[in-house]
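The values are calculated or read from the model by the stated rules, or taken from the named source; none is laboratory data. Treat the numbers as computed from the prediction; the structure is a model and nothing was measured. Methodologically, a virtual Cβ is constructed for each residue, glycine included, from the backbone with ideal geometry; neighbour enumeration extends over all protein chains shown. What goes into the accessible areas is simple: the full protein's heavy atoms, side chains included, and nothing from ligands, DNA or RNA. Shrake-Rupley method; radii C 1.70, N 1.55, O 1.52, S 1.80 Å.
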Amino acid sequence: MAEAERPQIYLITPPAFELAAFGEQLKAVLDAHAIACVRLSLAARDEDALSRAADALREIAHARDVAIVVEDHVLLADRHGLDGVHLTDTRKNIRKLRAEMGADAIIGAFCGTTRHDGMNAAEAGADYVSFGPIGASTLGDGNSVDYDIFEWWSAMIEVPVVAEGALNVELVERFGPVTDFFGIGSEIWASENASDALKKLLAPLG
């Protein structure tokens, strides 16, 4: 795959992690690979834990000129100097959020498996949309995204698209020509060496 066509990599943190250990893991991956963005995706709703994670991961990402967004917590993004927010609920008013956060903030939207939701988010001003899961998953309703959505999106829509969820080597090879980013998280973090796991997963991209 030519470099111009090669999808960029968008890292998604685990839903729970020990901050010091994960920080070292993240540093190793960022130092070994070209990463476009990191998404802080903690499941915790403890403000102190989220704040400490936001500060620590922001320092790691920004020291390497990598953008970092947080899942859903708009106020946290502003308060801790993050680059934007990733919305998991596309019913939120993206236009209003854009006015509040400013033109430079990154606003992304997860749109599940639905092209209609993706189009609405793009038209409302999202900087990117993500669809997933790409692979088979027992989470949610068990549905996965049709390849046709990405093929259509890449041909018709200028807003970048992220492919995420239950990725494997075969899916990376198949979806590589029709996505702008791969969102990668659980596929690598459980490995003893996340950097090596990412390298293996991305092997089809050359």
At what distance in angstrom do the alpha carbon centres of segment 26-50 and segment 163-206 lie from each other? 16
Per residue, how much accessible area does the chain show when a 1.4 Å probe rolls over the protein heavy atoms, in square angstrom? 50
Give the span of the chain's Cα atoms along each principal axis, as three whole-Å numbers ordered largest to smallest. 42, 42, 34
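If you take the square roots of the eigenvalues of the alpha-carbon gyration tensor of segment 138-206 and sort them as a ≥ b ≥ c, do you get rounded (a/c under 1.5), prolate (a/b over b/c) or oblate?
Taking the square roots of the gyration eigenvalues as a ≥ b ≥ c, segment 138-206 is oblate.
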Specify the longest stretch of the chain that does not include any exposed loop site, a site being one of the GluC sites (Glu not before Pro) with a non-H, G, I, E, B DSSP assignment and at most 11 other Cβ atoms within 10 Å. 19-157
Using Cα positions and a limit of under 27 Å, work out the lysines in reach of Lys200, with same-chain residues fewer than 8 apart set aside. Lys27
Pop a pseudo-label 7 angstrom from the Cα along the beta-carbon direction at both Ser51 and Ser137 and give the gap in nm to one decimal. 3.1
With every protein chain in place, segment 47-206: carbon and sulfur % of accessible area (1.4 Å): 47
For segment 1-94, build the charge dipole from Cβ charges (+1 Lys, Arg; -1 Asp, Glu) around the Cα centre, then report which of Ala43, His33, His86 sits farthest towards its positive end. His86
Expected-Rg normalisation [2.2 N^0.38 Å, Cα atoms] applied to segment 1-84: 1.10
Given unit charges at Cβ for Lys, Arg (+) and Asp, Glu (-), the dipole magnitude of segment 1-100 about its Cα centre in debye, nearest 20, is 400
